[in-house]
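**Student:** First the structure, then my questions, so here it is.
Bear in mind these aren't lab numbers, they're just calculated from the coordinates by the rules spelled out. Values in this document were obtained by computation on a predicted structure and should not be read as measured data. When we count neighbours, we look across all protein chains shown, and the Cβ atoms used for this are built from the backbone with ideal geometry, even at glycine.
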């Protein structure tokens, strides 16, 4: 390993550091900026629902390096995976400094009893992938994010929306905000559906099933969803059905495009032409014509965004 040319002075990161870390992460891809309010929310949820550690290095009032590590509350028989999240500012890039961040996360996970470390990196972050490959990490799983151009596809979206509305009406399916759903048990039904749908999601890292209270905080304390001015949670309802798909369309103050996250367990066994088959169709077609944004991003409800690299 080459000598370290830049060695960041790391200290514990507090919630007040979220704006600095959000800016650091945004530098890697200005078209995908991190929202500091949302990042603070995820840190809070991380601390409540998992075991976690965060360190940051600040120079001249700006974050230059960051590493976070976390793991689920393991059960005795469960495989012990942990996740490391290293970020190093590119103008100060040094492979050894980046590896040092990874090692710090690994060491903390080791003291916690983890057996396998996982790093999630976008496939176009070549420097990070090269450094991880050099120290023995190997690609294990890929996830996908999709983006819809609302400007170029506007006419097709509008036509498809009308077709979709007609088909939904025929089958008694209604799309509405959760706040307008009259079902007094709607949140409990959604929670049960979420637990069922997660069983179908491939994942490297096992995850703990959230209690109803934890699930409510995770989703509806989210400032991008819980606030009506920033996002909405949408539910598909139909006769004789309680476990129904739902979608959350959200964006923070700095997010360049709305995001659609969908959960659907009731789509199993139904045809691809059914309104239940792809719930993201309905939320994208419903919100796309009204939004002032130019793109809509959707992602699978998985614990990861791009590529899982793991090392035992």
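**Student:** Test of understanding: express the Cα radius of gyration of segment 19-144 as a ratio to 2.2 N^0.38 Å, with N the residue count.
**Tutor:** Working: Rg = 14.6 Å, N = 126, 2.2 N^0.38 = 13.8 Å.
Normalised by 2.2 N^0.38 Å, the Cα Rg of segment 19-144 equals 1.06.
**Student:** Explain nothing, just the number: relative contact order of segment 11-136, from Cα pairs under 8 Å at least 6 residues apart, as a whole percent. List each step's numbers first, then the result.
**Tutor:** Values: 183 pairs, mean separation 24.8, N = 126.
The normalised contact order for segment 11-136 reaches 20 percent.
**Student:** While we're on this one: So how do 187, 81 line up by other beta-carbon neighbours within 10 Å, fewest first? Mind showing how you got there, number by number?
**Tutor:** Numbers: 187 18, 81 23.
Going from least to most buried by this count: 187, 81.
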